[in-house]
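J.: Dumping the structure here so I can ask a few things about it.
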Number of protein chains: 2
Amino acid sequence: MSVYLVGAGPGDPGLITARGLELVRTCDVLIYDRLVARELVEEAPPEATLVARDELSQDEIEGLLVAHGRAGAEVVRLKGGDPFVFGRGGEEALALAEAGVPFEIVPGVSSLAAVPAAAGIPVTHRGVSSQVTLVAGHDIGALDLSRLAQTPGTLVVFMGLAQLGTLTDALIARGKPAGTPAAVVASGTLPEQQVEIAPLGEIAEAAVGLQPPALVVIGDVVGLAHRLQTPLADPAALHA
Amino acid sequence: MSVYLVGAGPGDPGLITARGLELVRTCDVLIYDRLVARELVEEAPPEATLVARDELSQDEIEGLLVAHGRAGAEVVRLKGGDPFVFGRGGEEALALAEAGVPFEIVPGVSSLAAVPAAAGIPVTHRGVSSQVTLVAGHDIGALDLSRLAQTPGTLVVFMGLAQLGTLTDALIARGKPAGTPAAVVASGTLPEQQVEIAPLGEIAEAAVGLQPPALVVIGDVVGLAHRLQTPLADPAALHA
């Protein structure tokens, strides 16, 4: 009996780990995030208790994990991406540790490189970028924008679509060249994936109409995207 | 017929993706890196051609991928971690694209968050760190050390063990507090995993004797490690 904090991956259900899928298939209770693929939820045993996370606060989720864990159930907490990359998995793990409930972390494929890859963008590339910076873009006031504007390499912004224009204006005002290649990838790795590529100064306008979840990538690696398209780059081809 | 650039994950064979495992199980040719788990290589069909990467230069690998791809084989190029996070996957993808060989990228679980997680360290955590910076530590001269020393959040260093003392001295000399929590995780997610935790000014000495592959994590999130240990945190428990 244990609680498993499992990363579901970036969207495509084939990108969950073999270990994570095995745990979903044998769990007693499955508590899943809104962005987790329906196909993965359907892998749970028919008799398993399914709980959609949307209706619950973070405190309620943690309470549920502790309660089911204490009751001796095999609980899978299935989270989009990786539990520890902007996934609040640490908070859930701490709640379990403090309650004395055994748990295990099963990492997942984070969107950070998988979603750019699905658009033909490697976040690192020899001679182009050997540094990657990850930030969350839903609270731009919390960012150190002056340093970010000067940071070399690739900048990947999670949850950055809603305030994209504010972010790009702030980076350009602090010295990031307006011509820096940038991309927004919405619903990355899924059949409905959409990609917009434009210079930093124009990407917010180009991305109007895209819907979350979306990842923003800023840096010269975006310039490789047009060279990495092949007939199989269709994201639907990723599906298992 | 196609070439698949597949991420094998951070070490534990259970952490390959479901899609990646399916491709290994049905391939004609498997070209694999030294750090890929033996258990995954053994998943290839008995009649598949197996090629260990160690003996080959990067150019030779790319030539092999193009040649086998053109010959119509189903080729899996199995790389440690994620192909596009310090994995040189972009170079292999470019070689295939330029040769007109269809290919597909199947991302993997990168070490960046999975290896710290296996040591109880979330790279992001509410109120502690909302930014992650990834660098490669095998060429310290190529890093912007002054900016790195001032960058907020979590710093994750790939391939950083060999020159760890040089790196930590340089960061401290440029203003990073010597008391910043730091960790080295060697063979992360594998049964032989070893973890050393110490302040930045002492971590290089603490890590003497550890062997690559190793990931270095620097930042306040390392301070959460002692609070996230449970009876199931034994990395052997991760094995499928």
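J.: Hey, does the stretch B:74-90 have a residue that's open to solvent by less than 20 Å² (accessible area, probe 1.4 Å), within 8 Å of another protein chain (Cβ to nearest Cβ) and part of a helix (DSSP H, G or I)?
T.: Among the residues of the stretch B:74-90, at least one is open to solvent by less than 20 Å² (accessible area, probe 1.4 Å), within 8 Å of another protein chain (Cβ to nearest Cβ) and part of a helix (DSSP H, G or I), which makes the answer yes.
J.: Of the residues that sit in the stretch A:135-160 and are within 15 Å of B:Thr154 (Cβ to Cβ) and not hydrophobic (A, V, I, L, M, F, W, C), which one is farthest from the chain's Cα centre (by Cα)?
T.: Only one residue fits best here, namely A:Arg147.
J.: Further question: Could you tell me which numbered condition A:Glu98 fails, if it satisfies all but one of (1) free of Cβ contacts under 8 Å to residues at least 60 places away in the same chain; (2) not hydrophobic (A, V, I, L, M, F, W, C); (3) not in a helix (DSSP H, G or I)?
T.: (3)
J.: Okay, next question. Do we find that A:Ala182 is surrounded by 23 or more Cβ atoms within 10 Å (Cβ to Cβ) and under 25 Å from B:Phe86 (Cα atoms) in this structure? So that I can check it myself, show each step before the final result.
T.: Working: surrounded by 23 or more Cβ atoms within 10 Å (Cβ to Cβ): yes; under 25 Å from B:Phe86 (Cα atoms): yes.
Here the answer is yes, as A:Ala182 does meet what is asked.
J.: Can you name the condition, by its number, that A:Asp54 falls short on among (1) open to solvent by 20 Å² or more (accessible area, probe 1.4 Å); (2) in contact with a helix residue (DSSP H, G or I) (Cβ under 9 Å, 6 or more places away or on another chain)?
T.: Looking at each condition in turn, A:Asp54 falls short on (2).
J.: Do you know which of the residues in the stretch A:7-34 that are more than 11 Å from chain B (Cβ to nearest Cβ) and assigned to a strand (DSSP E or B) is surrounded by the fewest Cβ atoms within 10 Å (Cβ to Cβ)?
T.: A:Val29
J.: Looking at (1) outside any helix (DSSP H, G or I); (2) more than 8 Å from chain B (Cβ to nearest Cβ); (3) in contact with a strand residue (DSSP E or B) (Cβ under 7 Å, 6 or more places away or on another chain), which one does A:Pro152 not meet, given that it meets all the others?
T.: Only one criterion in (1) outside any helix (DSSP H, G or I); (2) more than 8 Å from chain B (Cβ to nearest Cβ); (3) in contact with a strand residue (DSSP E or B) (Cβ under 7 Å, 6 or more places away or on another chain) is unmet by A:Pro152, namely (2).
J.: Here's another thing I want to ask about it. Among the residues that make up the stretch A:104-114, is at least one of them in contact with a Lys or Arg (Cβ under 6 Å, 6 or more places away or on another chain), modelled with pLDDT of 95 or more and open to solvent by 10 Å² or more (accessible area, probe 1.4 Å)? Step through it out loud before you land on a result.
T.: Narrowing the stretch A:104-114 to residues in contact with a Lys or Arg (Cβ under 6 Å, 6 or more places away or on another chain): A:106.
Those left that are additionally modelled with pLDDT of 95 or more: A:106.
Keeping just the survivors that are open to solvent by 10 Å² or more (accessible area, probe 1.4 Å) gives none.
No, there is no match, as no residue in the stretch A:104-114 is in contact with a Lys or Arg (Cβ under 6 Å, 6 or more places away or on another chain), modelled with pLDDT of 95 or more and open to solvent by 10 Å² or more (accessible area, probe 1.4 Å).
J.: Which is more than 7 Å from every other protein chain (Cβ to nearest Cβ), under 29 Å from A:Thr166 (Cβ atoms) and free of Cβ contacts under 8 Å to residues at least 60 places away in the same chain, of A:Leu134, A:Leu145? First the steps, then the outcome.
T.: Values: A:Leu134 fails: more than 7 Å from every other protein chain (Cβ to nearest Cβ).
The unique qualifying residue is A:Leu145.
J.: Can B:Pro122 be described as assigned to a loop (DSSP other than H, G, I, E, B), facing chain A (nearest Cβ under 7 Å) and either closer than 23 Å to B:Leu15 by Cβ or under 22 Å from the mean Cα position of the chain (by Cα) (or both)? Show your work before the answer.
T.: On the way: assigned to a loop (DSSP other than H, G, I, E, B): yes; facing chain A (nearest Cβ under 7 Å): yes; either closer than 23 Å to B:Leu15 by Cβ or under 22 Å from the mean Cα position of the chain (by Cα) (or both): yes.
Criteria met by B:Pro122.
J.: Exactly one of these conditions fails for B:Arg70: (1) facing chain A (nearest Cβ under 10 Å); (2) over 26 Å from B:Met159 (Cβ atoms); (3) open to solvent by 50 Å² or more (accessible area, probe 1.4 Å). Give me its number.
T.: Only one criterion is unmet by B:Arg70, namely (1).
J.: Consider A:Leu40 against the criteria (1) at the interface with chain B (Cβ under 10 Å from one of its Cβ atoms); (2) in contact with a Ser or Thr (Cβ under 8 Å, 6 or more places away or on another chain); (3) among the hydrophobic types (A, V, I, L, M, F, W, C): it satisfies all of them except one. Which criterion is unmet?
T.: Unmet condition: (2).
J.: Further question: Return the total of residues in the stretch B:35-51 being open to solvent by 30 Å² or more (accessible area, probe 1.4 Å) and either touching a residue at least 60 places away in the same chain (Cβ under 8 Å) or outside any helix (DSSP H, G or I) (or both).
T.: Filtering the stretch B:35-51 for residues open to solvent by 30 Å² or more (accessible area, probe 1.4 Å) gives B:35, B:38-39, B:42-43, B:46-47, B:49-50.
Add one more test, that the residue is either touching a residue at least 60 places away in the same chain (Cβ under 8 Å) or outside any helix (DSSP H, G or I) (or both), and what stays is B:35, B:42-43, B:46-47, B:49-50.
Total meeting the criteria: 7.
The values are calculated or read from the model by the stated rules, or taken from the named source; none is laboratory data. Everything numeric in this text was worked out from a predicted model, so none of it was measured. Here the Cβ is made from the backbone with ideal geometry for all residues, glycine too, and neighbour counts use every protein chain on show. These accessible areas exclude ligands, DNA and RNA; they are computed on the full protein's heavy atoms, side chains included. Shrake-Rupley method; radii C 1.70, N 1.55, O 1.52, S 1.80 Å.
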